Amino acid sequence: TSPYDTRAVKVAFRAGVKIATLANPMPFDGALAIDSHGHAWGWGLNAVGDLCLSGTEVLRPMQLGLSDVTLATGALTHSLFDSNGRVYACGSGQYGVLGNGTTTPSPTPTAVIGLPSAARVTALTSSWGGAGALFSDGSYYNWGYNVAGQLGNASTADSDVPVRVQLPAKVRQVF
C-alpha cells in the first residue's frame, strides 16, 4: 500500500551495461548513472525534463543523448553533466539554473555558457535552484538562485550565467 519501497531494489539496466559512477548528488525524485563507456542514464521523475529525457516518468533507465560523460549531478528540477569537456544542463531553467543565459526550460541538454575553456572540470555541484562547477585551476563558478547571496557576488539577484566566486585561495572541493 506504500508508494515507496523500503528495501533495496536492483535497478534494471540493459544487459551488458556496467555502471562506473553515480550522480552526486542525485536529482530530486530521479536518478542518474554513468556507465563504463561514458554514457549517461536517467530514470525516475522527469516532470520538466530534468533528466534530459522525454516523458514525465521514466520507469527504467534510459540512455541520454550525451557521450564521454565524466560527471553528473542534479537537484530539484535540473541536472548537470560534463560531456566531452563541456558542461551541459537540462530541466526547468527556473532562476537561471541551466546557466545558458535564459530561464527557459530545456528537456534536452543545453550548453552552460561563460565557463573557462582553459581548465578542465573536476567537480559539479547542484542544490535547490543552483548549480556550480569546480575547475582544475582552482576556480569555482556557480549560477541560479541567489536570494540570500548564495552566488557570492555581492548581489541577491539570480544569475542565468555562471559567476566566478572570488575566494582568497584555490578551491579544492565543493559540496
Solvent-accessible area, 1.4 Å probe, carbon plus sulfur percent, for the chain: 53 percent
Theoretical gain in end-to-end length, LEU167 to ARG86 [0.36 nm per residue, Cα-Cα removed]: 26.8 nm
The stretch 75-121 - accessible surface per residue (Å², probe 1.4 Å): 40 Å²
Length gained when the stretch ILE19-ILE113 is fully extended (0.36 nm per residue, less Cα-Cα span): 31.0 nm
Most positive-pole-ward Cα, VAL121, LEU76, GLY55, against dipole of the chain from beta carbon charges: VAL121
Unit charges on C-beta of K, R, D, E only; dipole of the stretch 53-163, Debye: 100 debye
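The values are calculated or read from the model by the stated rules, or taken from the named source; none is laboratory data. Not measured: the values here are computed from a predicted model. Heads up, the Cβs are rebuilt from the backbone with ideal geometry, glycines too, and the neighbour counts pull from every protein chain shown. The accessibility values were calculated without ligands, DNA or RNA, using every heavy atom of the protein model including side chains. Shrake-Rupley method; radii C 1.70, N 1.55, O 1.52, S 1.80 Å.
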